[in-house]
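Q: Handing you a structure now.
The values are calculated or read from the model by the stated rules, or taken from the named source; none is laboratory data. Quick caveat: nothing in here was measured; it's all calculated off a predicted structure. All Cβ positions, glycine included, derive from the backbone under ideal geometry; neighbour counts span all protein chains shown.
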């Protein structure tokens with residue numbers, strides 16, 4: 001007889017400036033393709049499920065807009081997020097340097113949320129070096145990020161591994177049975193409070 005699947009549902013929000021590469025990661029992982037043409041995202045959501053052992057983990061993924069006009073909407077969505085993935089492009093220093101002030105600050109006092117930091121477009125390093133891996137690690141530490149990585153949706157590097165890590169974080173490693181409280185007998189209730197019943 002097969003075990004009943006334990007259903008786990010988590011909300012994941014991707015945040016970053018327009019053109020940072022966050023949407024391309026999703027296209028690479030879920031559509032298995034890379035979009036050369038940049039199309040600004042407003043708000044797009046998708047759902048992805050993976051079964052790990054006896055757990056059915058469903059990610060509700062929200063890809064937020066990278067335009068300044070949507071700051072308030074992003075802030076509202078961050079409130080319900082179980083994981084926030086901050087993204088920047090390694091070939092755009094502005095997307096990196098303003099990520100903390102423009103987006104991380106929207107968390108306010110909710111900095112105890114699970115946070116990932118992702119550097120996108122590493123394939124551009126073939127032509128220029130703008131934001132180094134070490135700089136990314138330093139920002140991840142400043143943010144208190146649980147995980148940092150770099151990706152290239154164009155070359156299909158690091159994108160699937162990123163989602164492997166997401167599922168690992170949400171997988172319940174040890175499911176402990178609920179302890180049933182032993183019902184006390186009449187005499188335990190009568191004498192238990194003073195210890196007389198043990199004499």
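Q: Can residue 91 be described as assigned to a loop (DSSP other than H, G, I, E, B) and either touching a helix residue (DSSP H, G or I) at 6+ places or on another chain (Cβ under 7 Å) or at pLDDT 95 or above (or both)?
A: yes
Q: With respect to the numbered conditions (1) closer than 19 Å to residue 97 by Cβ; (2) at pLDDT 95 or above, which one is the sole condition not fulfilled by residue 128?
A: Of the numbered conditions (1) closer than 19 Å to residue 97 by Cβ; (2) at pLDDT 95 or above, the odd one out for residue 128 is (2).
Q: If you don't mind, another one. If I go through the stretch 37-51 residue by residue, how many of them are at pLDDT 75 or above and either touching a helix residue (DSSP H, G or I) at 6+ places or on another chain (Cβ under 6 Å) or outside any strand (DSSP E or B) (or both)?
A: Number satisfying all stated conditions: 1.
Q: Counting only residues that are over 14 Å from residue 90 (Cα atoms) and in contact (Cβ under 8 Å) with a residue 24 or more places away in the chain, which one in the stretch 132-156 is surrounded by the most Cβ atoms within 10 Å (Cβ to Cβ)?
A: Once the filter is applied, the top-ranked residue is 145.
Q: Tally up the residues in the stretch 157-168 that are outside any helix (DSSP H, G or I) and surrounded by 17 or more Cβ atoms within 10 Å (Cβ to Cβ), please.
A: Looking only at that region, the number is 1.
Q: Taking residue 96, is it at pLDDT 95 or above and either touching a helix residue (DSSP H, G or I) at 6+ places or on another chain (Cβ under 6 Å) or crowded, with 16+ Cβ neighbours inside 10 Å (or both)?
A: yes
Q: Can you tell me which condition residue 173 does not meet? The list is (1) at pLDDT 95 or above; (2) closer than 23 Å to residue 81 by Cα; (3) loosely packed, with under 13 Cβ neighbours inside 10 Å, and all the others hold.
A: (1)
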